[in-house]
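See below for the structure under consideration.
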């Protein structure tokens, strides 16, 4: 699925990136996934962005 299609009802964008899925856990990222960084009880997902990128996230 195209990232632009995923975001259609949320924001008006022209981002042309093919995605495979959505993921909240950087250790479970598969190539082509979009990493969603949320606040957790003890840390924030933004702390794991580098790991998500290393694991193949596209956005």
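Every number in this text was worked out from the coordinates using simple rules, so none of it is lab data. Worth saying up front: this structure is predicted, and the values here are computed from it rather than measured. Methodologically, a virtual Cβ is constructed for each residue, glycine included, from the backbone with ideal geometry; neighbour enumeration extends over all protein chains shown.
Here Cα extents along the principal axes in Å was calculated from the structure, and among (1) 37, 23, 23; (2) 70, 25, 12; (3) 33, 22, 14 it sits at label (3). For the chain, the mean residue ellipticity at 222 nm estimated from helices alone is -4000 deg cm²/dmol, where every DSSP H run of n ≥ 4 contributes -39500 (n - 2.57) and the total is divided by all residues, rounded to the nearest 500. Each Cα pair under 8 Å and six or more residues apart adds its sequence gap; the mean of these over the residue count of the chain is a relative contact order of 29 percent.
A Förster radius of 30 Å, combined with the Cβ-Cβ distance separating residue 46 from residue 15, puts the computed FRET efficiency at roughly 0.95.
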